[in-house]
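Below: the structure, in structure tokens.
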Amino acid sequence: MSEPRDPHTELDELRRAQAELVNSAKLATLGSLVAGVAHEINTPLGALNSNHDVIERALNKLQGILEDEVVTPDELDEVRKIVRAIDGVLRTNGIAVERMVKLVDSLRTFGRPDRADVDRVDLHEGIEGTLAVLGHEIQDIEIVRDFGDIPAVECYPDRINQVFMNLLLNALQAMGEHGTLTIRTRSNSTQVSVAISDRGPGIPPETLAEVFDPGFTTKGERVGMGLGLAISRQIVDQHSGDMEVESVLGEGTTFTVSLPLDLTEGEA
Amino acid sequence: MSDQQTTVMIVDDEEMVVTSIRSFLELETSHRVRTFTSPSDALDALAAEHVHVIVADYMMPGMDGITFLTATRELRPQAARILLTGYADRDNAIRAINEAGLYHYLQKPWDNEELKLIIRNGIERSQLFNELDARVAALEMANEELSEFRQKLIEAFL
């Protein structure tokens with residue numbers, strides 16, 4: 001007969017396994033984030049890349065015209081054409097750069113690697129930042145922002161944004177290409193709540209209780225490995241907050257996160 | 001190539017993309033360039049206008065590029081259809097080759113020289129199709145005339 005195992009060793013192993021699970025879920029979230037950013041950056045990048053080439057070509061043409069120090073009437077028409085092209089690309093350059101600056105701004109709100117600590121933040125900023133990087137998933141989905149006048153919340157912003165990322169991504173993926181996503185924020189004297197509702201197929205009552213269990217997924221192996229909601233629950237618990245789910249088959253699902261205004265860290 | 005003015009249609013929901021491509025084509029080619037940020041507006045225009053090449057983005061709200069290009073196939077079968085895609089949309093582009101009768105696809109960020117070349121080849125192809133159609137029509141007409149003539153000959157000898 002084998003020796004009974006030391007409960008401390010077992011506990012350590014369990015903790016290690018849990019840490020690994022948490023890490024893999026973080027990586028999955030990071031994967032979605034990176035894919036989103038890559039997609040969002042591709043359009044302005046494509047425009048800038050093309051415009052850079054146009055300006056080079058335009059300059060070459062102008063230099064060619066000026067080479068013999070004489071500008072003929074025909075060449076003058078060509079110069080006008082070149083100026084029009086430069087004007088067009090410069091205008092788009094401005095728009096493209098602005099788009100990239102906005103994207104980087106929303107990433108800062110989302111990631112905050114430099115401020116991984118506790119901070120008092122406006123949750124709307126985190127929600128907007130997350131929506132911005134999820135732009136490629138949104139397509140024909142209507143986003144309803146039913147935002148209340150909520151006070152800033154003391155929390156770990158990067159972790160809370162990870163919760164928003166998971167919930168918004170789940171909601172979008174539940175609906176596919178069309179639907180309505182509603183984000184409702186409210187507050188009272190002690191807490192703030194964020195409710196994210198989709199118009200997806202809903203979750204059957206018999207599995208509703210399992211959605212926060214690690215490994216629960218309806219999406220197959222591809223996404224998140226079924227840890228998104230388990231991790232989100234854990235993050236919310238860490239903030240001594242609360243997370244609830246309501247779902248009606250054929251109508252949709254609502255996840256509600258409630259966070260106290262002031263952070264008193266709970267058991268993770 | 002014939003002397004006829006060649007027309008290129010660019011459809012992308014992003015204004016910056018259509019303006020960039022328009023600026024490039026106007027600088028480097030003599031094609032007439034028509035740009036649209038709404039696929040349904042582009043379809044309306046196609047019903048009335050002849051175009052040689054249609055370049056469309058894949059990811060557009062309302063109507064994706066494949067659906068749009070498939071619809072243009074009905075309206076302008078001779079036009080060469082080019083899909084502009086993001087890196088992750090490659091599989092969709094391959095799907096579109098059959099569905100939309102795609103001529104080519106280009107990945108964003110695109111290369112202008114490659115775009116110019118594909119458009120030029122697309123125009124040639126479209127003009128060849130038009131020419132072929134015109135010749136088939138002429139042949140059919142000649143054939144009809146011949147049949148009539150043969151009928152008259154037979155009648156004359158009966």
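Scanning the stretch B:61-82 for residues that are touching a helix residue (DSSP H, G or I) at 6+ places or on another chain (Cβ under 6 Å), in a loop (DSSP other than H, G, I, E, B) and under 16 Å from residue A:140 (Cα atoms) yields a total of 1. Looking only at the stretch B:38-47, residues that are out of contact with any strand residue (DSSP E or B) (no Cβ under 6 Å at 6 or more places or on another chain) and either closer than 18 Å to residue A:86 by Cα or within 14 Å of chain A (Cβ to nearest Cβ) (or both) come to 2 in all.
When each of B:112, B:130 is tested for being within 27 Å of residue B:24 (Cα to Cα) and out of contact with any helix residue (DSSP H, G or I) (no Cβ under 7 Å at 6 or more places or on another chain), the lone residue that passes is B:130. Within the stretch A:227-248, being assigned to a loop (DSSP other than H, G, I, E, B), at pLDDT 90 or above and touching a helix residue (DSSP H, G or I) at 6+ places or on another chain (Cβ under 8 Å) holds for one residue alone: A:239.
Scoring residue B:116 on the criteria (1) farther than 22 Å from residue B:38 by Cβ; (2) away from every other protein chain (no Cβ under 14 Å) leaves a single failure, condition (2).
Among the residues of the stretch B:85-105, is any among the charged types (D, E, K, R), in contact (Cβ under 8 Å) with a residue 40 or more places away in the chain and out of contact with any strand residue (DSSP E or B) (no Cβ under 8 Å at 6 or more places or on another chain)? The answer is no, given that none of the residues of the stretch B:85-105 is among the charged types (D, E, K, R), in contact (Cβ under 8 Å) with a residue 40 or more places away in the chain and out of contact with any strand residue (DSSP E or B) (no Cβ under 8 Å at 6 or more places or on another chain).
Only residues that are polar (S, T, N, Q), touching a residue at least 40 places away in the same chain (Cβ under 8 Å) and crowded, with 18+ Cβ neighbours inside 10 Å were counted in the stretch B:4-42, giving 2. Among the candidates B:67, B:35, B:29, the residue that is within 18 Å of residue A:85 (Cβ to Cβ), within 14 Å of another protein chain (Cβ to nearest Cβ), modelled with pLDDT of 90 or more and under 15 Å from the mean Cα position of the chain (by Cα) is uniquely B:35.
Does residue A:112 count as at pLDDT below 95, buried (at least 18 other Cβ atoms within 10 Å of the Cβ) and out of contact with any Phe, Trp or Tyr (no Cβ under 8 Å at 6 or more places or on another chain)? Here the answer is yes, as residue A:112 does meet what is asked. Once the stretch A:65-108 is narrowed to residues that are touching a helix residue (DSSP H, G or I) at 6+ places or on another chain (Cβ under 6 Å) and more than 9 Å from chain B (Cβ to nearest Cβ), the residue that is surrounded by the most Cβ atoms within 10 Å (Cβ to Cβ) is A:106.
Residue B:79: buried (at least 18 other Cβ atoms within 10 Å of the Cβ) and either among the hydrophobic types (A, V, I, L, M, F, W, C) or more than 10 Å from chain A (Cβ to nearest Cβ) (or both), yes or no?
yes
Scanning the stretch B:19-62 for residues that are touching a Phe, Trp or Tyr at 6+ places or on another chain (Cβ under 9 Å) and among the hydroxyl-bearing types (Ser, Thr, Tyr) yields B:40, B:58.
When the stretch A:126-176 is examined, which residues are found to be assigned to a loop (DSSP other than H, G, I, E, B) and within 14 Å of chain B (Cβ to nearest Cβ)? Correct list: A:134, A:139, A:176. Scanning the stretch A:51-62 for residues that are touching a residue at least 24 places away in the same chain (Cβ under 8 Å) and either facing chain B (nearest Cβ under 7 Å) or among the charged types (D, E, K, R) (or both) turns up A:51, A:54, A:58.
Give the residues of the stretch B:89-139 that are outside any helix (DSSP H, G or I) and crowded, with 17+ Cβ neighbours inside 10 Å, sorted by residue number. Listed by number, the residues that qualify are B:100, B:102, B:103, B:104, B:105, B:106, B:107, B:108, B:109, B:110.
The values are calculated or read from the model by the stated rules, or taken from the named source; none is laboratory data. The structure presented is a predicted model; accordingly, all values stated were derived computationally and were not measured. In this analysis, Cβ positions are derived from the backbone assuming ideal geometry, glycine residues included, and neighbour counts consider all displayed protein chains.
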